[in-house]
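The structure appears right after this line, and notes come after that.
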Amino acid sequence: MPRILMTGASGGIGTRLRKLLPPIYPDLLLSDIREPKDLGPKEQFKAADLSDLAQVEALCEGVDGILHFGGYSVEGPWDDILQANIIGGYNLFEAAYRKGVKRVVFASSNHVVGFYPRHHKIGTDVTVRPDGRYGVSKVFGEAVGSLYADKHGLKVTCIRIGNCDERPLDHRRIAMWLKPEDLVQLCQIGLEHPDIHFEVFYGVSLNERAWWDNHRAYAFGYRPTGRSEDHVAHAMAEQAKLKPDPIGDHYQGGAFCSNEFDGDASRIIDWNKR
């Protein structure tokens, strides 16, 4: 039975995965900087600060695979993102290598390509266009994962997560919604598929309006069951409550693009096709 470490256990996605993973991976070690408030009596938990390499090494002792959902999960000050996502991301891969962990699934983000227009359908082979410091940190994480796969032989899967929730809550999330059970399926591929070396998948369900070509995930057996179209009425009702955002409404990254924006929109690709 493989021992799996999941970081970020107290976060939004981690909380959902804690309910879905145990039947598949009974030997699941949870970690975060703080213990989840609703930690169950049968759940294994060990607190760790990702910016402390010694603590991360201790976490990785005896582990077969890692689901790395830890770190700073929104846009924020550089110093916070630097410690949690840049230093923390490096520490995670370095600790995995030192302790002989064979597989890492890295929670990347749609925000690595946030400045692509919504009418562009893109694959994982496009130039990254991060929409903020958070997006930059996820670009870094993917690059470190690629390095450790090529140089040290780790099997690394990066999942560019759209929006993982019970249902999409606005127009943007109709395109990028990821049903939690579909995320579990992607995690299983990363932890178990024999042909993984270094892969980047989009974390998105079977949405007709999706902006992303996810053929690599399908080639590895991904078969999502969620459909955002089943929730369109609710999502559009929520969208009607939002104020227009001339920058964010045009780009895939949404409000992450308009946050602190003082650039020249006409110089960004396809601005005039909005």
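Quick notes
- As a rough footprinting exposure proxy, the listed residues 57, 142, 166 were ranked by other beta carbons within 10 Å of their own, and the order from fewest upward is 166, 57, 142.
- The range 105-119 - phi-based ³J(HN,Hα) in whole Hz, Karplus 6.51/-1.76/1.60, Gly and Pro as x: 9, 9, 7, 8, 8, 4, 6, 6, 10, x, 8, 7, x, 5, 7
- The fewest-to-most ranking of 181, 238 by surrounding Cβ atoms within 10 Å reads 181, 238.
- Ignoring lysines fewer than eight residues from residue 151 along the same chain, the ones with Cα atoms less than 17 angstrom from its Cα are 99, 102.
- Over the chain, the fraction of Cα-Cα pairs per 10 Å bin, rounded to whole percents and listed from the shortest bin up, is 7, 30, 37, 21, 5, 0.
- Charge dipole (Cα centre; +1 on Lys/Arg Cβ, -1 on Asp/Glu Cβ; no other charges) of the chain amounts to roughly 460 debye.
- Amide H partners (placed H, <5 Å) of residue 122, local residues excluded: 212, 213
- Comparing mean-square fluctuations of 38, 80, 170 from a GNM of the chain with C-alpha springs under 10 Å, the top value falls on 38.
- Reachable lysines, given that their alpha-carbon falls under 24 Å from the alpha-carbon of residue 42 and they are not under 8 places away in the same chain: 19
- Relative to the longest principal axis of the Cα atoms of the chain, the long axis of helix 180-192 lies at roughly 50 degrees.
- Counting every other Cβ atom within 10 Å of each residue's Cβ, 92, 169, 30 order from fewest to most as 169, 30, 92.
- Here the range 30-106 and the range 135-165 have alpha carbon centers that stand 14 Å from each other.
- D (Stokes-Einstein, µm²/s), Kirkwood Cα radius, the range 214-259, 0.890 mPa s at 25 °C: 185
- Were the residues from residue 99 through residue 166 laid out at 0.36 nm apart, the gain over their Cα-Cα distance would be 20.6 nm.
- Taking amide H atoms as placed 1.01 Å from N in the peptide plane, the amide H of residue 252 lies under 5 Å from those of 116, 118, each 5 or more residues away in sequence or on another chain.
- Think of the chain as a dipole: +1 on every Lys or Arg Cβ, -1 on every Asp or Glu Cβ, centred on the Cα centre; then among 73, 168, 101, 168 lies furthest on the positive end.
- 5 angstrom amide H check on residue 200, placed H, neighbours 5+ away: 158
- Peptides 98-106, 227-235 ranked from most to least packed, by the mean per-residue count of other Cβ atoms within 10 Å: 98-106, 227-235.
Computed from the coordinates by the stated procedures, all read-outs in this text should not be read as laboratory data. Note that the coordinates shown come from a computational prediction; the quantities given were computed from them, not determined experimentally. All Cβ positions, even for glycine, are placed from backbone atoms using ideal geometry, and neighbour counts span all protein chains on display.
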